[in-house]
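What follows is calculated from the coordinates using simple rules that are stated; it is not laboratory data. Keep in mind that what you see is a predicted model, and the values were worked out from it rather than measured. Neighbour counts run over all protein chains shown; Cβ positions are idealised from the backbone, glycine included.
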Amino acid sequence: MNPFRFARIPQVLFRIGAVNDLSAIAAGYGSSLVLVTGARSFAASRHDEHLFDQLTARGVIIHHVTVAGEPSPALIDEAVSRLKGRPVSLVAGIGGGSVMDAGKAISAMLTTDGSVTDYLEVVGNREHPGTKVPFIAVPTTSGTGSEATKNAVISQVGKEGFKRSLRHDNFVPDLALVDPDLTLHCPQEITAAAGMDCFTQLTEAYLSDKASPMTDALALDGLKAVSRSLIRSYTNGGDIKARSDMSYAALMSGICLANAGLGAVHGLAGTIGAMFNIPHGAVCGTLMAPANEVNVRELRKMSKQDQALGKYAILGRIFADATGKSDNYYIDFFIDYLNAVSYRLCMPKLSSFGLIHGDLETISSQSDVKNNPVRLSPAQLAGILEQKL
Ligand SMILES: [Fe+2]
């Protein structure tokens, strides 16, 4: 067995109705809470008023930060400068990946000086000491798995834009409070994009050259939940069993990506997300089929059968109804399934967000795809993008 390292995971509380425990948990940390929410999602879940009342009844002072879209350095710096100097006992992020990432970054930046940009990978030049205010992540979508990861993605969109992580093992949330009930009101379009992000993360972590037996076990269990419930949660958002499956799959995807890394789709999605205002999950969902098709094609060209092809056959078996077929049947089935599910979930073309042919070379040459199961050239990456332009 190859050696591996598995970073810490948060304490996990997974239960329908668990959000009702949040006020008591928050009060246990102290009397001053920074509550980070989205502009709409938590309010739409109809739990917000109840939580505010419960917290107030317990004597907890709430500092409310709202996050619209992916968090920018300016948003984090402004929130931190407003909160600094006040006693803060806990930060809680209730929302999608952007909200949880914003909360994670605020909890880390409250304990140090400077701008969050100074500490970001690649663009910053300072190392964060890993100190933070305790942080609880409460997802209201089933997608990024940020409730289980050690990084917060910060985005500056534009020509000089970047999408980079504030990362430290200590930034894994102290608690992931996962209540599938909170995802029941997630709109269909976001359910689709988040679900495809989760599906991509599980698949890429499973196929990663950094995968371990531990991440494989968790990724496959998450993928079984995806096979049961991704389409069900999209067609019937009120199906709590399907929503629970997807909440579980998203949690597993976060644990797996934090420990195994990701592949070509996320490498490309990171670069595209810095240049264009485009939902991360939609890019992943759109690129999932062509990227895996190229991976399989290149793996099949290799002289000795690669372990990754065996993993593709295992993926096909999870999603296929037929039994007793050959490995090649299941590998092809998996690629066909990816094409079918991205069509079923209405994944958009990249050009609908302003990408043009002239962008492909820049994107493919700037994308880091280091944990992909097979090395892909910039030309091959550009070919993946071209298929979905
Ligand atoms: Fe992702």
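Of the residues Thr131, Leu207, Val99, the one whose Cα sits farthest toward the positive end of the charge dipole of the chain, with +1 on the Cβ of Lys and Arg and -1 on the Cβ of Asp and Glu, is Leu207. When both the range 239-315 and the range 79-147 are represented by their alpha-carbon centers, they are found 26 Å apart.
First check a/c for the range 242-282, with a ≥ b ≥ c the square roots of the eigenvalues of its C-alpha gyration tensor; if it is under 1.5, answer rounded, and if not, answer prolate when a/b is larger than b/c or oblate otherwise. Working shown, then result.
Working: a/c = 3.52, a/b = 1.55, b/c = 2.26.
The shape class here is oblate.
A 23 angstrom limit on the alpha carbon distance is what I want to check against. Which of Lys241/Lys311; Lys210/Lys311; Lys311/Lys370 exceed it?
Numbers: Lys241/Lys311 28 Å; Lys210/Lys311 14 Å; Lys311/Lys370 18 Å.
Pairs exceeding the cut-off: Lys241/Lys311.
Extending 7 Å from Cα along the Cβ direction at Arg40 and again at Ala322 yields two label points whose distance is 4.3 nm.
Counting only residues at least eight positions apart within a chain, or on another chain, the aspartates and glutamates with an alpha carbon under 17 Å from that of Lys325 are Asp336. Taking the alpha carbon gyration tensor of the chain, multiplying each eigenvalue by 5 and rooting it gives semi-axes of 34, 23, 19 Å, largest first.
Shape of the range 249-389 from the C-alpha gyration tensor: prolate (a/c of 1.5 or more and a/b above b/c, with a ≥ b ≥ c the square roots of its eigenvalues). Dividing the summed -39500 (n - 2.57) terms of all DSSP H runs of n ≥ 4 by the residue count of the chain sets its mean residue ellipticity at 222 nm at -16000 deg cm²/dmol.
Specify whether the C-alpha gyration tensor of the range 11-183 places it in the rounded, prolate or oblate class, a ≥ b ≥ c being the square roots of the eigenvalues: rounded for a/c under 1.5, otherwise prolate if a/b is larger than b/c and oblate if not.
Because a/c hits 1.5 or more and a/b exceeds b/c, the range 11-183 counts as prolate.
When +1 charges are put on Lys and Arg Cβ atoms and -1 charges on Asp and Glu Cβ atoms, the dipole computed for the range 11-183 relative to its Cα centre reaches about 140 debye. In the chain, a dipole from Cβ-located charges (positive for Lys and Arg, negative for Asp and Glu) runs towards its positive end, and of Ala249, Leu218, Thr56 it is Leu218 whose Cα lies farthest in that direction.
Its Cα centre serving as origin, the chain has a Cβ charge dipole (Lys and Arg +1, Asp and Glu -1) of approximately 380 debye.
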